[in-house]
Amino acid sequence: MKKTIIHTLISILITASGIFSYHTLTKEQKLAYVKSGILLQNCKELKQGEEEFEKEMKIVKSNLDTLAQRYQRLEQQFKNGNDRVKKEIGLSMEQARENYQKYNAQASREMEERKQQISGKIIEKINVLIQEYGKSQNYEIIFGTTNEGSILYGTEAIDLTDEILKLLNEK
């Protein structure tokens with residue numbers, strides 16, 4: 001009797017497992033990928049952000065050039081001056097050098113943060129767009145390729161890069 005119950009339970013488990021496996025294997029899963037690098041390279045908003053960043057960098061460089069020129073003028077006066085002039089200019093020269101170094105360090109930090117802010121905002125927008133697209137189109141998974149090779153091959157039929165890029169640049 002116990003053997004019959006055990007054989008019956010095993011038969012039920014095998015049958016259930018087979019039905020589950022068949023259903024899982026025959027169910028059409030909707031998978032796709034996007035080429036993340038191409039999305040970033042061709043995103044209009046990122047290009048605009050980069051142009052704005054370049055303008056900001058020109059201002060910073062101009063300010064650094066002004067500070068450097070001030071130091072160089074003081075340095076020239078120091079070299080050409082007598083002892084009294086050297087004493088007066090020495091302190092100003094040191095202060096000009098410190099101002100340059102402080103501004104350079106601060107500007108470098110701020111510009112790096114700004115660059116991260118611009119790209120982070122775009123990456124977040126891309127991720128949200130892909131998630132919304134995936135949900136609306138009933139995708140199970142949308143992969144993102146990277147230069148490091150997270151996806152080494154995918155057919156063009158499941159490449160959504162152009163479609164996502166079009167949506168991204170429309171918004």
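The values are calculated or read from the model by the stated rules, or taken from the named source; none is laboratory data. Fair warning: this is a prediction, and the values are worked out from it, not measured in the lab. Neighbour counts are summed over all protein chains in view; Cβ atoms, including those assigned to glycine, are modelled from backbone coordinates with ideal geometry.
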- Query: Taking the stretch 127-142, which residues are under 21 Å from the mean Cα position of the chain (by Cα) and assigned to a helix (DSSP H, G or I)?
  - Reply: 127, 128, 129, 130, 131, 132, 133, 134
- Note on the structure: residue 64 vs (1) touching a Phe, Trp or Tyr at 6+ places or on another chain (Cβ under 7 Å); (2) more than 30 Å from residue 32 (Cα to Cα); (3) touching a residue at least 60 places away in the same chain (Cβ under 8 Å): all pass except (3)
- Quick check: anything in the stretch 98-105 assigned to a helix (DSSP H, G or I), surrounded by 15 or more Cβ atoms within 10 Å (Cβ to Cβ) and of a type in the set (Lys, Arg)? no
- Message: Given the options 67, 129, 152, name the one that is over 20 Å from residue 43 (Cα atoms), among the aliphatic types (A, V, I, L, M) and at pLDDT 90 or above.
- Response: 67
- Could you tell me which of the residues 121, 115, 166 is under 17 Å from residue 41 (Cα atoms) and either in contact with a Cys (Cβ under 6 Å, 6 or more places away or on another chain) or surrounded by 15 or more Cβ atoms within 10 Å (Cβ to Cβ) (or both)? 115
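Kindly provide the set of residues from the stretch 91-141 that are closer than 30 Å to residue 81 by Cα and among the charged types (D, E, K, R), ordered by number. Before you say what the answer is, go through the steps one by one.
Step one: list which residues in the stretch 91-141 are closer than 30 Å to residue 81 by Cα, which gives 91-104.
If the condition is that a residue be closer than 30 Å to residue 81 by Cα and among the charged types (D, E, K, R), then 94, 97, 98, 102 are the ones that fit.
Please state which one of 29, 77 is surrounded by fewer than 16 Cβ atoms within 10 Å (Cβ to Cβ), at pLDDT below 90 and in contact with a helix residue (DSSP H, G or I) (Cβ under 6 Å, 6 or more places away or on another chain). Break it down stepwise before answering.
Details: 29 fails: in contact with a helix residue (DSSP H, G or I) (Cβ under 6 Å, 6 or more places away or on another chain).
Result: 77 is the single residue among 29, 77 that is surrounded by fewer than 16 Cβ atoms within 10 Å (Cβ to Cβ), at pLDDT below 90 and in contact with a helix residue (DSSP H, G or I) (Cβ under 6 Å, 6 or more places away or on another chain).
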- residue 136 among the polar types (S, T, N, Q), under 16 Å from residue 35 (Cα atoms) and surrounded by fewer than 12 Cβ atoms within 10 Å (Cβ to Cβ): no
- Return only the number of the condition from (1) of a type in the set (Lys, Arg); (2) over 30 Å from residue 39 (Cα atoms); (3) surrounded by 12 or more Cβ atoms within 10 Å (Cβ to Cβ) that residue 84 does not satisfy. (3)
- Query: Of the residues in the stretch 148-171, how many are closer than 14 Å to residue 33 by Cβ and of a type outside the set (Phe, Trp, Tyr)?
  - Reply: 16
